[in-house]
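The values are calculated or read from the model by the stated rules, or taken from the named source; none is laboratory data. Every value quoted in this text rests on a predicted model; they were computed, and no experiment measured them. Backbone-built Cβ (ideal geometry, glycine too); neighbour counts: all protein chains shown. Quick note on the areas: whole protein, heavy atoms, side chains included, nothing else; ligands and nucleic acids left out. Shrake-Rupley method; radii C 1.70, N 1.55, O 1.52, S 1.80 Å.
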Amino acid sequence: QVQLVESGGGWVQPGGSLRLSCATSGAIFSISTMGWYRQAPGKQRELVGDSATDGSTAYTDSVKGRFTISRDTAKDTVYLQMNSLKPEDTAVYYCRAVPLGVPRDFWGQGTQVTVSS
């Protein structure tokens, strides 16, 4: 059974940092592009960035230079390191797995990130 479980969200002041984790199970990690998404109140869910199976990463412009995605293949976990956080980064953050050759994707339950003073 495939599961994605996010953790690491919370409250932080502007300029602070958080690291989100997304632990996967079900033997899909090594064949999946892992993406981080976020959804702010009243807004559509948007892609923050993703990590391909070869470790390459891509980010949306608003987080470039501040956020970093990394993968730990030993733990089947993907991380989102968020630095220099801004109030506009406040959202529920979700991870998504898109396995190669599998006709569906998988989502975690989300973790709340709140940036405020």
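What are the residues in the range 61-117 that are without any contact (Cβ under 8 Å) to a residue 24 or more places away in the chain and on the phi > 0 side of the Ramachandran plot, if any?
If the condition is that a residue be without any contact (Cβ under 8 Å) to a residue 24 or more places away in the chain and on the phi > 0 side of the Ramachandran plot, then GLY65 is the only one that fits.
GLN1 passes all but one of (1) in contact with a Gly (Cβ under 6 Å, 6 or more places away or on another chain); (2) exposed (fewer than 13 other Cβ atoms within 10 Å of the Cβ); (3) touching a residue at least 40 places away in the same chain (Cβ under 8 Å); which number fails?
Against the list (1) in contact with a Gly (Cβ under 6 Å, 6 or more places away or on another chain); (2) exposed (fewer than 13 other Cβ atoms within 10 Å of the Cβ); (3) touching a residue at least 40 places away in the same chain (Cβ under 8 Å), GLN1 comes up short only on (3).
Could you give every pair whose Cβ atoms fall below 8 Å, whose first residue belongs to the range 4-28 and is touching a residue at least 40 places away in the same chain (Cβ under 8 Å) and hydroxyl-bearing (Ser, Thr, Tyr), and whose second residue is part of a loop (DSSP other than H, G, I, E, B) and open to solvent by 20 Å² or more (accessible area, probe 1.4 Å), counting only separations of at least 6 or pairs across chains?
Listed by first residue and then by second, the contacts come to SER17/ASN83; SER17/SER84; SER21/GLY8; THR24/VAL2; THR24/ASP76; SER25/GLN1; SER25/VAL2; SER25/ASP76.
Every residue, every condition in (1) within 15 Å of TYR79 (Cβ to Cβ); (2) touching a helix residue (DSSP H, G or I) at 6+ places or on another chain (Cβ under 6 Å); (3) part of a loop (DSSP other than H, G, I, E, B), yes or no:
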position: GLN1; (1), (2), (3): no, no, yes
position: GLY15; (1), (2), (3): no, no, yes
position: SER30; (1), (2), (3): no, no, no
position: GLY35; (1), (2), (3): yes, no, no
position: GLY42; (1), (2), (3): no, no, yes
position: LEU47; (1), (2), (3): no, no, no
position: GLY55; (1), (2), (3): yes, no, yes
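Would you confirm, using the coordinates I've provided, whether ALA27 is among the aliphatic types (A, V, I, L, M) and either surrounded by 15 or more Cβ atoms within 10 Å (Cβ to Cβ) or modelled with pLDDT of 95 or more (or both)?
Judged against the criteria, ALA27 is not a match.
Of everything in the range 45-64, what is under 22 Å from SER116 (Cβ atoms) and open to solvent by 50 Å² or more (accessible area, probe 1.4 Å)? Give them in sequence order.
ARG45, GLU46, SER62
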